[in-house]
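Chemist: Input: one structure, supplied below.
The values are calculated or read from the model by the stated rules, or taken from the named source; none is laboratory data. Quick caveat: nothing in here was measured; it's all calculated off a predicted structure. Note that we place each Cβ from the backbone using ideal geometry, even for glycine, and neighbour counts take in every protein chain shown.
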Amino acid sequence: MDTFVKSRKGNDQLTFNGFIFEVESRKPNGKIYRRCIEVKKGCKGRAIQDESGVRAGKNEHDHPPRTVDIEVRKILGEIKSQASIQQGQTPRAIVASAVSETSQIIKAALPSVQALKKRPQRSRQLALGQPAAPVTMGGFRFDGEFTVTYTGEQFLLVDTEGENDRIVIFSTERNLQILAETKHWMVDGTFKSAPPHFT
Ligand SMILES: [Zn+2]
């Protein structure tokens, strides 16, 4: 069976018999010659695509089929497309449904759940054209989905909205309760990943 998966750059790559192929050349008669994506490592595997379908070239691949890689890429593609279609779904629900019928082997090969949950956010950001990171402290407001957790709980607790000195506190009531009941606090900063002006 042949289907397509996306390359890192977003190009369609053909999967056929467990191998992945990129375009090598397109002929005027409509035939597409494809080479195995492991061509740079020396694989001579090829596939030829025409209106009657896909067939393998003469040369054998010098590596095992990339079955796991193909499944992982399909799931990542599914997460991405669901994130743009299902705007109302939480990232958690999108990831859960995309991996629901996946074997343990594939799950082990997937990026961590935390990393996967960020994918819908990124795709959604692209799909909706959502705001870029602010360049000054003032002139923007947090509203709607930016003020609540994925489960709808209030998350933005304080925003002083100052132009120069602005204090924004994100937390749930429950997290504050836990903090209040705890004897020892340890503090850390995520300065490297925080947007400029918030460090
Ligand atoms: Zn190959």
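Chemist: Just one of (1) part of a loop (DSSP other than H, G, I, E, B); (2) within 16 Å of the ligand (Cβ to nearest atom) trips up Thr102, so point out which.
Modeler: Condition not satisfied by Thr102: (2).
Chemist: Ok, one more. I need the full set of residues from the stretch 144-161 which are at pLDDT 85 or above, out of contact with any Lys or Arg (no Cβ under 8 Å at 6 or more places or on another chain) and over 15 Å from Arg174 (Cα atoms), in order please.
Modeler: Selection gives Thr147, Val158.
Chemist: Just one of the numbered conditions (1) surrounded by 13 or more Cβ atoms within 10 Å (Cβ to Cβ); (2) within 29 Å of the chain's Cα centre (by Cα); (3) within 15 Å of the ligand (Cβ to nearest atom) is not true of Pro64; which one?
Modeler: Going through (1) surrounded by 13 or more Cβ atoms within 10 Å (Cβ to Cβ); (2) within 29 Å of the chain's Cα centre (by Cα); (3) within 15 Å of the ligand (Cβ to nearest atom) one by one, Pro64 breaks only (1).
Chemist: Looking at the stretch 1-22, which of its residues are away from the ligand (no atom under 16 Å from the Cβ), out of contact with any Asp or Glu (no Cβ under 6 Å at 6 or more places or on another chain) and not charged (D, E, K, R)? Don't jump to the end; show me each part of the working.
Modeler: Applying the first criterion (away from the ligand (no atom under 16 Å from the Cβ)) to the stretch 1-22 yields 1, 3-4, 6, 8-12.
Okay, now just the ones that are also out of contact with any Asp or Glu (no Cβ under 6 Å at 6 or more places or on another chain), so 1, 3, 6, 8-12.
Met1, Thr3, Gly10, Asn11 - these are the residues of the stretch 1-22 that are away from the ligand (no atom under 16 Å from the Cβ), out of contact with any Asp or Glu (no Cβ under 6 Å at 6 or more places or on another chain) and not charged (D, E, K, R).
Chemist: Can Ser25 be described as within 16 Å of the ligand (Cβ to nearest atom) and either assigned by TED's automatic domain parsing to the domain that holds Glu153 or exposed (fewer than 14 other Cβ atoms within 10 Å of the Cβ) (or both)?
Modeler: Details: within 16 Å of the ligand (Cβ to nearest atom): no; either assigned by TED's automatic domain parsing to the domain that holds Glu153 or exposed (fewer than 14 other Cβ atoms within 10 Å of the Cβ) (or both): yes.
Taking the combined requirement at face value, the residue does not satisfy it.
Chemist: Would you kindly identify the strands (runs of 3 or more DSSP E) lying entirely within the stretch 1-86 that contain at least 3 residues that are closer than 28 Å to Lys117 by Cα and either in contact with a Ser or Thr (Cβ under 9 Å, 6 or more places away or on another chain) or hydroxyl-bearing (Ser, Thr, Tyr) (or both)? Even if it seems obvious, please write down each step before you answer.
Modeler: Details: elements: 2-6, 12-16, 19-26, 32-36, 46-50, 53-56.
In the stretch 1-86, 2-6, 12-16 are the strands (runs of 3 or more DSSP E) which contain 3 or more residues that are closer than 28 Å to Lys117 by Cα and either in contact with a Ser or Thr (Cβ under 9 Å, 6 or more places away or on another chain) or hydroxyl-bearing (Ser, Thr, Tyr) (or both).
Chemist: Here's something else I'd like to know. Within the stretch 31-48, track down each residue that is more than 11 Å from the ligand (Cβ to nearest atom) and farther than 14 Å from Phe19 by Cα.
Modeler: Lys31, Ile32, Tyr33
Chemist: Looking at (1) of a type outside the set (A, V, I, L, M); (2) at pLDDT 90 or above; (3) more than 15 Å from the ligand (Cβ to nearest atom), find the lone condition where Lys74 falls short.
Modeler: (2)
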